Amino acid sequence: MATTVDLTRASRDTISSLRTAIDQSAVASRRISTGQRVNDAFEDPASFFTAQSLTNQASELDRTLDQLGQGVQIVKAASEGISSIDELLDAAKAVVNRAGQSDDAFARADFAKSFNDLLDQMEGVAKDSSYRGKNLLLGEGHDLKLYFSDEARDAIVIAARDLSDVGRTLGLERIDEGTIGVAETKLAPGGTPLAATDPAANASDQFAIGDTVEIRRQSDGALLSSVTIGADTTVSSLASSLSNADAGVRASYGADGVLRIEAAVGVTIDGGVAGGSFDGTSIDATPSGWFDADATTAEAEGVQSARDTLRLISVAFGTNLTMLQNRETFMKEFSGTLVTGAETTIGADLNEEGANLLALQIRQQFSSSALSFANEADQGVLRLLGG
């Protein structure tokens, strides 16, 4: 048979107070350990769900920020590519200017090749300006669309520009580099090469005193250079007289005894001993697009126009980049505001909770002491009754 123990009112009150203090201490301890005043919906439904809503919104912003951050890097890659292309355009302008100032058709052909190489580099930079597979310098089909929220209407589209084809976008076309033709003959009577200072007439199988050697352009017969062989005409002076670099003819004589005539345009050579190497000789060549120095004027204007176009593109990307960075900064700050709001809504005041816990611990001690006193009083009564 179960025994029922009746407690005095004082004991019951003390035990109830002790239980309350223990429960409240547990709550305070949990708040201190989690840093939150509300840890589940049962404690404060309104605050709990408000904080949860703010936290979810901040999480959505963080996901959008990740995507936006990648977009910023894509635009930066394109902007850096444009800066490199702009530097190459500066180099191209210098090449055009030097070609226009040159009085050597062969040098102008070399400059044309350098100009074309720079165009290749520009297109190469455009193709390499990719970030994680996205390249805004490849034109159609490579636009960048970024969302500022989960709502599809809140978005921006950054149009790609095709700089992988500088002819189409910047109006820069490659220059015909042309081809160089060469004719050679060895001045070595008796098998011994003439020295550069020897009379040209010593090569009797090629030249005789009084012979006139002429070089004419094939297309219109224009005389480009000529020399009449005299007794004092040396091999060196012969080569010098036949040279007219601005018109596309260059002659040289080497230590090996070879007289070499190069042409940057198709020419015919007449003169010298009948049946000699230069009697009715033709040199086939294709003039470069800059064979005439005046041809570089239009190209200089084209390069300047290309720079103007490129800088407009650069301004557009720069504006987009600034806008994205500003939006990114705002979203980071706003996300922080949402997180702070959530923490404020359910966050615990650790100083207050610490003070409460200390007070509750003291209260527990007092309640335990009071219960002990009550028990001693009851035992004293029992001793009196038993005595």
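Results, tabulated for the structure shown:
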| item | result |
| --- | --- |
| Calculated FRET value between VAL157 and GLU333, using beta carbons and R₀ = 35 Å, to 0.05 | 0.90 |
| Extension gain from ARG63 to ARG311, taking 0.36 nm per residue of separation minus the Cα-Cα distance | 85.9 nm |
| Relative contact order computed over segment 181-283 (Cα-Cα under 8 Å; 6+ residues apart), in percent | 33 percent |
| Other-chain or far-sequence residues with amide H under 5 Å of SER225's (modelled H) | ILE215 |
| Diffusion coefficient, µm² s⁻¹, Stokes-Einstein with Kirkwood Rh over alpha-carbon pairs of segment 106-206 at 20 °C and 1.002 mPa s | 113 µm²/s |
| Greater than 21 Å apart at Cα, pairs in LYS76/LYS332; LYS76/LYS127; LYS127/LYS332; LYS113/LYS186 | LYS127/LYS332; LYS113/LYS186 |
| Relative exposure of LEU259, LEU321, LEU163, judged by other C-beta atoms within 10 Å (fewest first) | LEU321, LEU259, LEU163 |
| Neighbour-count ranking [beta-carbon atoms within 10 angstrom, fewest first] of ARG250, ARG217, ARG168 | ARG168, ARG217, ARG250 |
| Exposure proxy order (Cβ contacts within 10 Å, fewest to most) of PHE334, PHE115 | PHE334, PHE115 |
| Cα coordinate range in segment 181-283, projected on the principal axes (Å, largest first) | 37, 25, 22 |
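A short reminder: the numbers here are calculations on the coordinates, not readings from a lab. Just so it is clear, the structure is predicted and the values come from calculations on it, not from any experiment. Glycine also receives a Cβ, built like all others from the backbone with ideal geometry; neighbour counts cover every protein chain displayed.
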